[in-house]
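Asker: Dropping a structure here in structure tokens format, bear with me for questions.
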Amino acid sequence: MALEKTALSKENMERLLLSEYGLHLIEETRLSQGTANCFRIHCREGEFFLKEYQSWFTPEDVDSEGKLVSFLIARGFPTAAFVKTASGKYHTEFGGHRVGVQEFIEGETYMNALPHELLPECARYLGELHNCLREYPMKMSMTPEWAEKYSAEEASGKCNELLAALDKKQDVPDRERIRGDLLYKKELNISLTGLKAYYKGITYTPSHGDYMDCQLICSGSKIKAVIDFASAACIPAVWEIMRSYMQSSGACKGGSPLDLEDFVAYVREYMKYANLTRRDLEAMPYVYLFQLARSCYGYKEYLLTELENRDELLQFAFWRTEICREVHGRLREISDALQRLCQIL
């Protein structure tokens, strides 16, 4: 689901690879997953992965990712190494975008549908990653100070803007469902103010920032590598844990209830490799809902842009709102079930 059009044609990609990397392009294949423009490139020298970062990524962002990946590889964590340019950089530039090249790791990737038997490994690698990165310097994000700045009025105002845009589009399919979701999110935003306190006293850890099944290279019943550290930051561990389960397992799709027993098992597996406190377990669903409920991602893109994949983004928005309804209605139940892990472990 790339968010921007690529600036690369086969011809200028060929020139770029040769001049910057000394690679002789034979064939390129566009990859559909991810919000950046990504390609598998078959070169005379071997198979590689080329990523054209979104325009808001700075050179410093890409360099930070390259250094982080090198750090992980040196410690035996499975990921895809960057190929440096002839001048020793982790990226080059073309058409106002940063471009990076990495080794290509053969395997399967999934999108919100990781096979169930791989979920324990998904939890394991997240725990191992947090343990490996615990002393790595990263910028803090989603801090208690950030949460305190949340304004229910501002968040509701964004819903109102989208409702106004919807009123101007009388022939939109799923019009009433979109309206119902936006009205629900507008109401939900008011209750989020009371969740700010859950950001205090929880564990912050350097993390992937977008850990889910589409960032995992799998083979059979094994995960071979974790990729794409472009969103890495020091964030609440509990947010990354719950989000990774919900996104990777495809939880709550079609309005189905969250399998709480399965989710608790996922968290239990994570805790074999990295520590969580009782406060972390108590706060987990509240922290997750606070972040998810604030977002109108998908509705905004569908109503206000002409993106080619706007229909896919709308379906993604519908699903995330289903998750909000499910988690919101079971906050205490989820929190209590997670806290019982302290008695088991």
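Asker: Counting pairwise Cα distances across the stretch 166-242, what percent come out greater than 20 angstrom?
Answerer: Percentage above 20 Å: 61.
Asker: Another question, then. Which angle from 0 to 90°, rounded to the nearest 10, does the C-alpha axis of helix 59-74 make with the longest principal axis of the chain?
Answerer: So the inclination is approximately 90 degrees.
Asker: To continue, here is another question. Angle check, please: helix 175-191 long axis (alpha carbons) against the longest principal axis of the chain (alpha carbons), in degrees 0 to 90, nearest 10.
Answerer: It works out to around 70 degrees.
Asker: Now for a different question. In the structure displayed, which of LYS222/LYS272; LYS168/LYS300; LYS139/LYS186; LYS149/LYS253; LYS158/LYS185; LYS149/LYS186 lie more than 21 Å apart, Cα to Cα?
Answerer: LYS139/LYS186; LYS149/LYS253
Asker: Given the DSSP H assignment, sum -39500 (n - 2.57) over each helix run of at least 4 residues in the chain and divide by its residue total; what's the result at 222 nm in deg cm²/dmol, nearest 500?
Answerer: That calculation yields -14500 deg cm²/dmol at 222 nm.
Asker: Right, here's the next one. For a quick size check, give me the Cα extents of the stretch 187-308 along its three principal axes, largest first, whole Å.
Answerer: Over the stretch 187-308, Cα extents along the principal axes are 42, 38, 31 Å.
Asker: Now a separate question. Whole-Hz ³J(HN,Hα) for each residue in the stretch 124-131, computed from phi via Karplus 6.51 cos²θ - 1.76 cosθ + 1.60 with θ = phi - 60°, x for glycine and proline: what do you get?
Answerer: For the stretch 124-131, the Karplus curve yields 4, 5, 5, x, 5, 5, 4, 5 Hz.
Asker: Exposed loop chymotrypsin sites (Phe, Trp or Tyr not before Pro) only (DSSP loop, at most 14 other Cβ atoms within 10 Å): please give the longest stretch of the chain free of them, not including the sites.
Answerer: In short, 57-296.
Asker: Are there GluC sites (Glu not before Pro) in the stretch 86-133 that DSSP marks as loop and that have at most 12 other Cβ atoms within 10 Å, and which are they?
Answerer: Taking the stretch 86-133 and a limit of 12 other Cβ atoms within 10 Å, the loop GluC sites (Glu not before Pro) found are GLU106.
Asker: Could you work out what % of the accessible surface of the chain is carbon and sulfur, using a 1.4 angstrom probe and leaving DNA, RNA and ligands out of the count?
Answerer: Carbon-and-sulfur percentage of accessible area, whole number: 49.
Asker: May I ask you to give the solvent-accessible area per residue for the chain, in square angstrom, as obtained with a 1.4 angstrom probe?
Answerer: For the chain, the per-residue accessible area is 45 Å².
Asker: Could you state the orientation-averaged shadow area of the convex hull built on the Cα atoms of the stretch 285-331, in nm² to one decimal?
Answerer: Taking the Cα atoms of the stretch 285-331, their convex hull projects to 3.1 nm² on average.
Asker: So what are the chain's ellipsoid semi-axes, whole angstrom, largest first, if each one is the square root of 5 times an eigenvalue of the alpha-carbon gyration tensor?
Answerer: Sorted largest first and rounded, they come to 34, 27, 18 Å.
Asker: While we're looking at this one, here's another question. How far is helix 310-329 tilted off the main Cα axis of the chain, in degrees rounded to 10, range 0 to 90?
Answerer: Around 40 degrees separate the two axes.
The values are calculated or read from the model by the stated rules, or taken from the named source; none is laboratory data. All figures in this text were calculated on a predicted structure; none of them were measured in a lab. Note: ideal-geometry Cβ built from the backbone for every residue, glycine included; neighbour counts use all protein chains shown. The area values use the complete protein model at the heavy-atom level, side chains included, leaving out ligands, DNA and RNA. Shrake-Rupley method; radii C 1.70, N 1.55, O 1.52, S 1.80 Å.
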